[in-house]
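Visitor: Could you have a look at this structure, given as structure tokens, before my questions?
The values are calculated or read from the model by the stated rules, or taken from the named source; none is laboratory data. In this text the structure is predicted, and so the values were computed from the model without any measurement. Every residue, glycine among them, receives a Cβ derived from its backbone with ideal geometry; neighbour counts consider all protein chains shown. The accessibility values were calculated without ligands, DNA or RNA, using every heavy atom of the protein model including side chains. Shrake-Rupley method; radii C 1.70, N 1.55, O 1.52, S 1.80 Å.
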Amino acid sequence: MTDTHQTDTHQWARNVDRMRFFVEQVQQGGRFELIDTLVHAGYRNHTAEPGQASDREGVRATMSALHAAFSDLTVGVLHCVGDGDLVATHKVFGGRHTGPWFGVPASGHRVEFRVMDLVRYRDGQMAEHWAVADAMTLLRQTGALA
């Protein structure tokens, strides 16, 4: 094994740990004060929804809205893999829909939906993000779709 390979292995392993920490502390735990430390100042969300900021402030706004919309929020990591500066996660979010979420009023229903994220790390921080979320399941569970 070469020193370069060991360095790459350590890099993606650290990035996987960073992603798991972000999920646990920010996405589930609501520790928004960690965003400035964990998310790069030049962060770009390539899959931001219309009207959603694609920068670090967009992360803060989305996390805040998520916690306002879903009480008893849980986020489980089903898969988390790294390759170089990229980390992919497959997660399941759960909670009770007790506040508005992207224009859907609170339903009071319990929801569970899956999200897949791909994040590029730079200088130990999240720098770029792409996501695919199971919005149809979430909309059905909230009653917004029949």
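Visitor: Between residues in the range 115-140 that are over 15 Å from GLY42 (Cα atoms) and residues that are among the charged types (D, E, K, R) and assigned to a strand (DSSP E or B), which pairs lie under 6 Å by C-beta distance while being six or more apart or on different chains?
Guide: VAL115/LYS91; ALA131/ASP117; ASP134/ARG114
Visitor: Condition test on ALA61, is it part of a helix (DSSP H, G or I), under 30 Å from ALA13 (Cα atoms) and either acidic (Asp, Glu) or open to solvent by 30 Å² or more (accessible area, probe 1.4 Å) (or both)?
Guide: So ALA61 passes the test.
Visitor: Suppose the filter is in contact (Cβ under 8 Å) with a residue 40 or more places away in the chain, open to solvent by 40 Å² or more (accessible area, probe 1.4 Å) and either closer than 19 Å to VAL23 by Cβ or part of a helix (DSSP H, G or I) (or both); does VAL77 pass it?
Guide: yes
Visitor: Still on this structure: In the range 35-52, which residue that is surrounded by 15 or more Cβ atoms within 10 Å (Cβ to Cβ) and either out of contact with any helix residue (DSSP H, G or I) (no Cβ under 8 Å at 6 or more places or on another chain) or among the aliphatic types (A, V, I, L, M) (or both) is farthest from PHE102 (Cα to Cα)?
Guide: LEU38
Visitor: Please work out if SER71 is assigned to a strand (DSSP E or B), among the polar types (S, T, N, Q) and at pLDDT 95 or above.
Guide: In short, yes.
Visitor: With respect to GLY82, is the statement that it is open to solvent by less than 30 Å² (accessible area, probe 1.4 Å), more than 18 Å from GLY29 (Cα to Cα) and part of a strand (DSSP E or B) true?
Guide: Criteria met by GLY82.
Visitor: Scan ALA135, ALA127, ALA106 and give me the residue that is over 19 Å from ASP17 (Cα atoms) and within 16 Å of the chain's Cα centre (by Cα).
Guide: Among ALA135, ALA127, ALA106, only ALA135 is over 19 Å from ASP17 (Cα atoms) and within 16 Å of the chain's Cα centre (by Cα).
Visitor: Would you point out the residue of the range 85-106, among those that are in contact with a Ser or Thr (Cβ under 6 Å, 6 or more places away or on another chain) and open to solvent by 40 Å² or more (accessible area, probe 1.4 Å), that is farthest from ALA13 (Cα to Cα)?
Guide: This residue is ALA106.
Visitor: Next question, about the same structure. What pairs come up if the first residue lies in the range 91-107 and is touching a residue at least 40 places away in the same chain (Cβ under 8 Å), the second is surrounded by fewer than 19 Cβ atoms within 10 Å (Cβ to Cβ) and part of a loop (DSSP other than H, G, I, E, B), and their beta carbons are under 7 Å apart, counting only those six or more places apart or on different chains?
Guide: HIS97/ALA106; HIS97/SER107; HIS97/GLY108; HIS97/HIS109; PHE102/GLU49; VAL104/ALA144
Visitor: If I filter the range 36-50 down to residues being farther than 14 Å from ASP117 by Cα and out of contact with any Phe, Trp or Tyr (no Cβ under 9 Å at 6 or more places or on another chain), which single residue comes out as modelled with the lowest pLDDT?
Guide: PRO50
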